[in-house]
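Here is the structure we will look at, set down as C-alpha cells.
All of the numbers you see were taken from the coordinates with simple rules; none came from a lab. Quick caveat: nothing in here was measured; it's all calculated off a predicted structure. Ideal geometry is used to build each Cβ from the backbone, glycine not excepted, and the neighbour counts take in all protein chains shown.
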Amino acid sequence: MLQTLKIENVALIKSTTIEFDKGLNILLGETGAGKSLIFNSLLFVLGAKADKSLIRNGEQSMRVEALFVDINEQAKKYLSDSEFDYDGELLISRSLFVDGKSSIRINGMIATTSMLKGLALNLVDSYEQHENVELLNNKNHILLLDKFIGESIENLKIELAQLLTSYKTLNKELQSIGGDEQERERLLSILKFQYDEISNADLKNGEMEDIKERLKVLNSAEKIFEAISSCETLMVENSDSVLTQLQEMSSQLSPLSNIDNIARLKERLDSARYELEDINSSLDDIKNSISFDERELEQLDSRYDLLKNLCKKYGGSIDKVLQFAEETKEKLEKLEDSDYLIEKLNKEKSIIMGKMQACARQITSLRSKAATEIESKVGAELKQLGMKSAIFKINISQNSEITSSGFDDVKFTFSANVGQEVKDLSKTASGGELSRFMLAVKNVISAGATKTLLFDEIDSGISGEIGKVVGVKLKNISKDNQVICITHLPQVASFGDNFINVYKVEEQGQTFSKAQPLQENNVVEAIAKMISGNQPSLVAINHVIEMIDESKKLFNNL
C-alpha cells in the first residue's frame with residue numbers, strides 16, 4: 001500500500017506531501033489543477049520514462065519519494081532476491097536533473113531503472129502505463145484463469161508435476177542404459193575397455209607410495225653406497241678414525257675415574273662411542289642391503305607410469321580408481337541386462353504418459369469451462385459499465401509438449417467497439433475503455449497479489465448512471481487492493497473512502513499546484529463543486545448527501 005508520496009519541483013508542484021490510506025482514494029479538483037501531475041510523479045518514482053520538461057521552471061532538479069507499507073509477498077521476494085534491505089517499510093526515491101542525470105534509491109540503496117521497474121510490477125498497476133499492468137502480460141493469463149478456478153485445478157497441477165518428475169526420472173534411467181541399441185553397444189564397448197584396463201592392472205591400495213619409495217632408493221643406490229662407505233672410513237677404518245680416537249680418549253681418562261667430574265665425562269665419551277658403533281652397524285646393514293637391479297628399476301618405473309595414468313583417467317587416486325571400476329561393473333551388468341530393463345522402463349513411461357495426458361485433458365476441460373464463465377461474467381460487467389459492444393474472449397490453444405501446467409496456452413483478447421478486431425490486450429487502445437475493461441476483469445477475477453491500482457480517465461465519456469456502476473466496482477476491488485482514482489463524476493466520487501483535493505494558487509507572481517486531504521465535513525462541498533461549480537448550491541449539496549447515502553447502501557447490499 002502506498003502510504004506517502006512526496007513531490008518536489010514537478011511542473012506546477014513546488015513541494016507537497018500526500019498521505020494515502022487503504023480503500024478507495026479519490027483525487028478531486030478542477031481540470032488543470034494538477035491531478036495528473038500526481039499520477040505522473042508516482043509513475044516517475046516507479047520507473048516511468050524520465051521527462052526533463054517536468055522539472056519546475058527555474059529549478060535544477062525534481063525529486064519524488066514514495067513510501068509503501070504492507071507490501072505483498074511477491075514484492076518482498078523481489079527485494080530479497082535483489083539484496084535490498086526491508087524492515088516493514090519500503091522507501092523509493094528518484095531524482096532527475098536538468099542535465100539528464102538521475103538518481104534512484106530503494107530503501108537507501110542505489111538502484112538501476114530496470115531494478116525499479118521490476119519492483120514496481122509487484123507494487124502498482126497503472127492503467128495509463130501499459131508495462132505496469134499485470135493483465136496486459138500474456139504470461140499472467142494462465143495464472144489468472146487458474147486462480148479463478150481455484151483448488152480443483154491446483155490439485156491437478158500438483159498431480160501432473162509429480163507425474164512429470166517421474167517421467168523425467170525414467171528418461172534419465174533410459175539414457176544411463178544407453179538409449180538405442182547402437183548407442184548401447186558403443187557404451188558397452190567403452191565400459192568393458194575401462195573395466196578391463198583397471199581390472200588387469202590388479203591394483204592395491206598404497207602401492208604407489210611403496211613404489212615411489214623403492215624408486216628413490218634404486219635411483220640413489222650408487223650415491224647411498226658411496227656415502228655410507230665414506231662414513232665407515234671416517235668412523236672405523238683409518239688409524240685416526242672417530243671410534244679409535246674416542247677409544248684413546250676414554251683410555252686417557254680411565255686412570256682418573258676416581259674423580260667425579262672426570263668419571264662423568266668418561267661415561268659420556270663411552271656412551272657417544274657406543275652410539276657411533278651402533279650407527280656404524282646400521283650403515284653397514286643398509287650398505288649390504290643395497291643391490292642395484294636395473295631390470296627391477298625398469299619394471300618399477302613402468303608400473304608407476306601405469307598407475308599414474310590410471311589415476312589420471314579414472315579418479316586421481318588408487319582408491320577412486322577402484323571405486324570407478326566398481327561403478328563401471330554395475331553399469332556393465334545393467335547394460336548386459338538392458339533389453340529387459342528398457343522394455344520395463346518404456347512400459348512405465350507409457351503408463352505415466354497416459355496418466356499425464358489424462359490429467360492435462362482434465363486441466364484443459366476445467367480451463368475451457370471456466371473461460372466460458374469468465375467471458376460471460378466479464379461481458380456482463382462491461383455492459384454494466386456502458387461498453388455494450390465490447391467483446392472479451394479467452395483463447396486456449398494446445399502445445400505438443402506437456403509442462404507442469406498442462407499443454408495449454410492461454411491468452412486474453414478484447415475488442416471495445418463494433419467492427420473492431422479482437423486483439424491481444426497488450427495491443428488494445430488505451431484510455432477510459434481500457435481502464436473500464438480492467439475494472440471489469442478485476443471484479444470477476446481476483447487478479448494476483450494485492451497491489452495499489454491507479455485509475456485515470458475511467459469515467460471518460462460515460463453518463464452519471466454508468467458512473468454509479470463504476471463507483472460500485474471500484475469500491476468492490478478496493479476491499480482487497482488500494483485504489484487511487486482521478487474522477488470528474490460525483491457519482492464515482494461518492495463511493496470514496498479518502499479524498500485529496502488538488503488545487504492551484506497564485507503566490508508572488510507564480511502558479512503552484514497543491515494537494516491536501518479533505519476532512520469529512522469538507523467532502524460533500526468538494527463533490528458538490530463537481531455539479532454546480534465553485535459556489536455549490538444547497539440543491540447540489542443535498543444531492544451529494546443523497547448520493548453518498550445511496551452509495552453506502554448500494555455497496556452494503558453487494
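Under the Kirkwood approximation for Rh and a Cα-based Rg, what ratio Rg/Rh is obtained for the range 408-558? Provide the component values of the computation, followed by the final result.
Numbers: Rg = 17.8 Å, Rh = 17.3 Å.
Here the Rg-to-Rh quotient is 1.03.
Give me the percent relative contact order of the chain, please, defined on Cα pairs under 8 angstrom at least 6 residues apart.
Details: 797 pairs, mean separation 123.8, N = 558.
Once divided by the residue count of the chain, the mean separation gives 22 percent.
DSSP beta bridges in the chain, what fraction antiparallel, as a percent rounded to 5?
Rounded to the nearest five, the antiparallel share is 75 percent.
Using packing as a proxy for protection, rank 500-506, 278-284 so that the peptide with the highest average count of other Cβ atoms within 10 Å comes first. Numbers along the way, then the final one.
On the way: 500-506: 16.3, 278-284: 13.4.
Result, highest mean Cβ count within 10 Å first: 500-506, 278-284.
Can you list the equivalent-ellipsoid semi-axes of the chain, largest first and in whole Å, using the square root of 5 times each Cα gyration tensor eigenvalue? Display every interim value, and only then the final one.
Numbers: eigenvalues 1561, 328, 68 Å².
After diagonalising the Cα gyration tensor, the semi-axes are 88, 40, 18 Å.
Output wanted: per-residue J couplings in Hz (rounded whole) for the range 96-101, from phi through Karplus 6.51 cos²θ - 1.76 cosθ + 1.60, θ = phi - 60°, x for Gly and Pro.
So the Karplus estimates, Gly and Pro as x, are 10, 10, 4, 7, x, 6 Hz.
For the pairs 147/172; 139/349; 212/320; 411/552; 355/377; 442/514, note any where the Cα-Cα span goes beyond 25 Å.
Numbers: 147/172 33 Å; 139/349 30 Å; 212/320 19 Å; 411/552 36 Å; 355/377 33 Å; 442/514 32 Å.
The pairs that break the limit, which is 25 Å between Cα atoms, are 147/172; 139/349; 411/552; 355/377; 442/514.
Report the antiparallel proportion of the DSSP beta bridges in the range 408-558 as a percent, rounded to a multiple of 5.
On the way: 10 of 14 bridges.
Of the beta bridges lying entirely in the range 408-558, close to 70 percent run antiparallel.
Residue by residue through the range 493-499, which ³J(HN,Hα) values in whole Hz follow from phi under the Karplus form 6.51 cos²θ - 1.76 cosθ + 1.60 (θ = phi - 60°), with glycine and proline marked x?
3J(HN,Hα) across the range 493-499, in whole Hz: 4, 5, 8, x, 9, 9, 10.
Can you list residues from other chains, or at least 5 along the same chain, whose modelled amide H is less than 5 Å from the amide H of residue 48?
none
Suppose only helical runs count, i.e. DSSP H with n ≥ 4. What mean residue ellipticity at 222 nm does that imply for the chain under -39500 (n - 2.57) per run, divided by all residues and rounded to the nearest 500 deg cm²/dmol?
Details: 18 runs with 305 residues, N = 558.
Roughly -18500 deg cm²/dmol at 222 nm, from the helical runs in the chain.
Collect residues whose amide H, placed 1.01 Å from N in the peptide plane, falls under 5 Å from the amide H of residue 409; neighbours closer than 5 in sequence don't count.
HN-HN under 5 Å from residue 409: 397, 398, 399.
Can you tell me the FRET efficiency between residue 215 and residue 332 if r is taken as the Cβ-Cβ distance and R0 is 51 Å, rounded to the nearest 0.05? Numbers along the way, then the final one.
Details: r = 34 Å, r/R0 = 0.68.
Once rounded, the FRET efficiency stands at 0.90.
Would you mind putting 544-552, 473-481 in packing order, based on average other-beta-carbon counts within 10 Å, highest first? If you can, show how the numbers build up before the last one.
Values: 544-552: 16.3, 473-481: 19.1.
Top of the packing list down: 473-481, 544-552.
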